[in-house]
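S.K.: Please read through the structure below; I'll follow up with questions.
Every number here is computed from the coordinates shown, using simple stated rules; none is lab data. On a predicted model such as this, the values are computed, not experimentally measured, just so you know. Every residue, glycine among them, receives a Cβ derived from its backbone with ideal geometry; neighbour counts consider all protein chains shown.
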Amino acid sequence: MTRRLFLLLSLLFLRVFISGAQFSINNERLRDIVAGYGQAEVSVIISDYSALDNLTRHVSVTAVKNNTAEITLSRLTVEWFIAQRLNYTIREKISLKGLLTTASSVSKAYQWDTYPTYTQYDSIMQSFPVSYPSLCMLDTIGTSINGKLVLALRITGNPGAFATKPEVFYTASMHGDETGGYILMLRLADYLLSNYNSDPRVKELLDNLDIWINPLSNPDGTYNSGDAISSPVRFNASGVDLNRNFPDPTLSGMVYEKETLDMMSFMRKHRFVLSANFHAGTEVVNYPWDRWLSKLHADDTWFHSISRGYADTAHIYGGDGYMNDLENGVTRGALWYIVYGGRQDFMTQYLHGREVTIELDYQHVTPAAQLPLLWDNNWHSLIGYLENAMFGVHGGVFDIETHLPLPAQVFIKGHDTDSSQVYCDSVSGSFVRLIAPGSWPLTFSAGGYRDTTINVTVNDRQKTDLTVYMQKEEVPPDTLLPEPPALWPNPASAVIKALLPEAVTGSVNVLIFNHSGQTVIFYDTECYKDVPLDIDISKLPSGTYSAVFTNNKRKSSCRGRFIVIK
């Protein structure tokens, strides 16, 4: 070996040694940050789509800008990330000192330019129904792992009409360190309630909609260090990203967090026709699909239109510099980056709803001093987005002889795909089909009844009213399968699992009724071969129940019985 070659090899070895040592130092520092703070933020240059897709399946990608992925790691994901041996840059934590000004009292918090303590937040939410008993009520979605309440405020005029009003839902701060939406939702609730009798636009909203607002869906992440917000983190108390924790047909074996299970139960109960989920990290309205790059939602045109409406209104009131990321403030989620297990797609596919994700601020933590500006930039858009639920086709479906309501499916042949169809309320028969302007053939289908198709014209920003009467089939088809579903445990008290025969799997309607024939559970979901459904029966009283599972496309069905004990 020549001396020159020896020197070159020595230099190469030294460079590799130094690089490896530096890599080890970065890893230890990354571990220390996660251990001390609860999370760490890193940036990774992405070489291709498959590399990004691998990351999004395992860690919380928070944004993709140019060819760089911004990632937030928790104690659950940091070791997996280190094991990938990626070149990464640790993004230094921004000091929050002086940014998260805490309200000195509840009355100060009501000025919306400071952050309330958790105790003050609870007091504010409790005060709304006391001050406006005829316009709102307070409900509890559930509790966090650490026992904090996940609250939702129900706001509506003419409360006697609850049963037939379309329900809409706003929720914020699933990521505990994305704080601006939290205050925005509290202020919106206050605005709607205090302006009902003075603002015709607000009055029309409350008279025609049942509005639910959940300002804080991850209280353990926001208030992870005590009663005041000082070092909020993205994750819940278990270190899980709640916006990557919902059912997803492309994932298996997911363990659902308590907050997720409570939220799914709440959303299944209310079947919201329209919803929005508020975040931060950029400024854009993100619409479905998040998980599928290669296909569009059946109502992609409508989704783009309402998203465009939110962003364009924000441009008017926030200026050209606000909400202009990606496609001038709008993006189809998967075009930005793939998200698996997100709530937006769960709401839209599994529950047949219509949800978008709205990123309000480039800063995850909005400084308290900028909260009034965030409100000024967005409140017109918030009102306008809710108004979308008053348009499209609104109606009811009934038996032509008895005039009793029917839980019919409402779908458009050749248009609806991936669970974009909607369903009538099982109690009132009412339905809402939000859709782009045009002429649409709506088909109504209910077990034991003849399918009914009606051509409907939908005009821009107008409501089309429709009442449908259906006739019974003379000889109802026998679509029951000889093979019953496997139901266990039986008896059960909280959750029952249902393994369905293969011929019923796919898009499935779940119907459960009691010994009196009264429907107690009714919803649609996706069911896969050899994967049992988890059915929440925790709110059912003791007794014997019948369950009918019907494939929405093939109409094949099966039934079984189970017992609830308390």
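S.K.: In deg cm²/dmol and to the nearest 500, what is the mean residue ellipticity at 222 nm of the chain if only DSSP H runs of at least 4 residues count, each as -39500 (n - 2.57), divided by the residue total?
M.R.: Computed ellipticity for the chain at 222 nm equals -8500 deg cm²/dmol.
S.K.: Segment 31-165: Rg/Rh from Cα coordinates, Kirkwood Rh?
M.R.: My calculation puts Rg/Rh at 1.13.
S.K.: Amide H of T464: which non-local residues (sequence gap of 5 or more, or other chain) have their own amide H closer than 5 Å, using H built in the peptide plane?
M.R.: Long-range HN contacts for T464: G392, V393, H394.
S.K.: In addition: Sorted from largest down, give the three principal axis spans of the alpha carbons of segment 511-556, whole angstrom values.
M.R.: Computed over segment 511-556, the largest-to-smallest principal extents equal 30, 20, 14 Å.
S.K.: Could you calculate, for segment 240-374, the ratio of the Cα radius of gyration to the Kirkwood radius, expressed as Rg to Rh?
M.R.: Rounded to two decimals, Rg over Rh is 0.98.
S.K.: Please give, to one decimal in nm, the separation of the simple spin-label points placed at Y37 and R201, each 7 Å out from Cα toward the Cβ.
M.R.: Going by the 7 Å Cα→Cβ label model, 4.0 nm.
S.K.: Ranking request for peptides 231-238, 105-112, 379-386, 531-538: highest mean number of other beta-carbon atoms within 10 Å first, then the rest in descending order.
M.R.: Per-residue Cβ counts within 10 Å, averaged per peptide and sorted highest first, yield 231-238, 379-386, 531-538, 105-112.
S.K.: At a temperature of 25 °C and a viscosity of 0.890 mPa s, determine how fast segment 392-470 diffuses translationally according to Stokes-Einstein, using the Kirkwood radius over alpha-carbon pairs as Rh; express D in µm²/s, rounded to the nearest whole number.
M.R.: Stokes-Einstein gives a translational diffusion coefficient of 195 µm²/s.
S.K.: Quick one: Cα centre-to-centre distance for segment 493-540 and segment 256-300, in angstrom?
M.R.: 22 Å
S.K.: Give the share of C-alpha pairs in each 10 angstrom bin for segment 23-91, from 0 to the last occupied bin, in whole percents, shortest bins first.
M.R.: Binned Cα distances yield the sequence 21, 60, 19, 1.
S.K.: At a temperature of 10 °C and a viscosity of 1.306 mPa s, determine how fast segment 486-564 diffuses translationally according to Stokes-Einstein, using the Kirkwood radius over alpha-carbon pairs as Rh; express D in µm²/s, rounded to the nearest whole number.
M.R.: 127 µm²/s
S.K.: Report the trypsin sites (Lys or Arg not before Pro) located in segment 440-472 that are in a DSSP loop and have at most 14 other Cβ atoms inside 10 Å of their Cβ, or state none.
M.R.: R450, R461
S.K.: Take E327, E79, E41 and order them by how many other Cβ atoms sit within 10 Å, fewest up front.
M.R.: Result, fewest neighbours first: E79, E327, E41.
S.K.: Also: Find, to one decimal place in angstroms, the Kirkwood hydrodynamic radius of segment 146-215, where the mean of 1/r is taken over every pair of different Cα atoms and then inverted.
M.R.: 12.9 Å
S.K.: Can you tell me how much longer the chain between S493 and K472 gets when fully stretched, taken as 0.36 nm per residue apart minus their C-alpha distance, in nm with one decimal?
M.R.: 3.9 nm
S.K.: Along the charge dipole of the chain, Cβ charges K/R +1 and D/E -1, which of P288, Y469, L406 sits furthest on the positive end?
M.R.: Ranked along the dipole, the leading option is P288.
S.K.: Taking the Cα-to-Cβ direction at R308 and at S230 and moving 7 Å from each Cα, how far apart do the two end points lie in nm?
M.R.: That separation, rounded to one decimal, is 4.9 nm.
S.K.: Continuing with the same structure: Limiting things to C-alpha atoms, what are the Rg and the maximum Cα-Cα separation (Dmax) for segment 315-440, in angstroms?
M.R.: Cα radius of gyration and Dmax of segment 315-440 are 18.9, 62 Å respectively.
S.K.: How high is the relative contact order of segment 486-564, given as a whole-number percent (alpha carbon pairs under 8 Å, six or more residues apart)?
M.R.: 37 percent.
S.K.: Bin by bin, in steps of 10 Å, what percent of the Cα pairs in the chain do you find, going until the bin that has the longest distance?
M.R.: 3, 16, 26, 26, 17, 7, 3, 1, 1, 0, 0
S.K.: Of the listed peptides 349-360, 186-197, what is their order by residue-averaged count of other C-beta atoms within 10 Å, with the highest listed first?
M.R.: Highest-to-lowest ranking by the protection proxy: 349-360, 186-197.
S.K.: Once you have the Kirkwood Rh of segment 106-390 from its Cα pairs, apply Stokes-Einstein at 20 °C and 1.002 mPa s and quote D in µm²/s.
M.R.: Diffusion coefficient, whole number: 114 µm²/s.
S.K.: Shifting gears a bit: What is the set of long-range amide H partners of E283 at a cut-off below 5 Å, with H atoms built 1.01 Å from backbone N?
M.R.: Answer set, sorted by chain and number: D325.
S.K.: Tell me the angle of helix 371-387 to the major Cα principal axis of the chain, expressed in degrees between 0 and 90 and rounded to the nearest ten.
M.R.: 30 degrees
S.K.: Highest mean first, how do 56-62, 389-395, 24-30 rank when packing is the count of other Cβ atoms within 10 Å averaged over residues?
M.R.: 389-395, 56-62, 24-30
S.K.: Right, next: May I ask you to evaluate 6.51 cos²θ - 1.76 cosθ + 1.60, the Karplus curve with θ = phi - 60°, for each residue of segment 192-208 and list the ³J(HN,Hα) values in order in whole Hz, giving x for glycine and proline?
M.R.: So the Karplus estimates, Gly and Pro as x, are 4, 5, 7, 10, 4, 8, 10, 10, x, 5, 5, 4, 5, 4, 5, 6, 10 Hz.
S.K.: Follow-up. To the nearest 20 debye, what charge dipole does segment 134-245 have about its Cα centre, counting +1 at the Cβ of each Lys and Arg and -1 at the Cβ of each Asp and Glu?
M.R.: Once rounded to the nearest 20, the dipole reads 40 debye.
S.K.: Compute the relative contact order of segment 365-461 as a whole-number percentage, counting only Cα pairs closer than 8 Å that sit 6 or more residues apart in sequence.
M.R.: In percent, rounded to a whole number, it is 25.
S.K.: Here is a follow-up. Would you work out the charge dipole size for the chain about its Cα centre, treating the Cβ of every Lys and Arg as +1 and the Cβ of every Asp and Glu as -1, and quote it to the nearest 20 debye?
M.R.: Magnitude of the dipole: close to 1120 debye.
S.K.: Shifting gears a bit: Please tell me the relative contact order of the chain in percent, rounded to the nearest whole number, where contacts are Cα pairs under 8 Å and at least six residues apart.
M.R.: 10 percent
S.K.: With the calculation restricted to Cα positions, what are the radius of gyration and Dmax of segment 358-412 in angstrom?
M.R.: Rg and Dmax of segment 358-412, Cα atoms, are 20.6, 62 Å.
S.K.: Taking H placed 1.01 Å from N in the peptide plane, check which residues at least 5 places from I141 or on another chain put their amide H under 5 Å from its amide H.
M.R.: V150, L151, A152
S.K.: Taking a threshold of 32 Å on the Cα-Cα distance, which of the pairs K93/K539; K165/K472; K65/K108; K65/K148; K93/K148; K165/K539 fall above it?
M.R.: In this structure, K93/K539; K65/K108; K65/K148 lie more than 32 Å apart at Cα.
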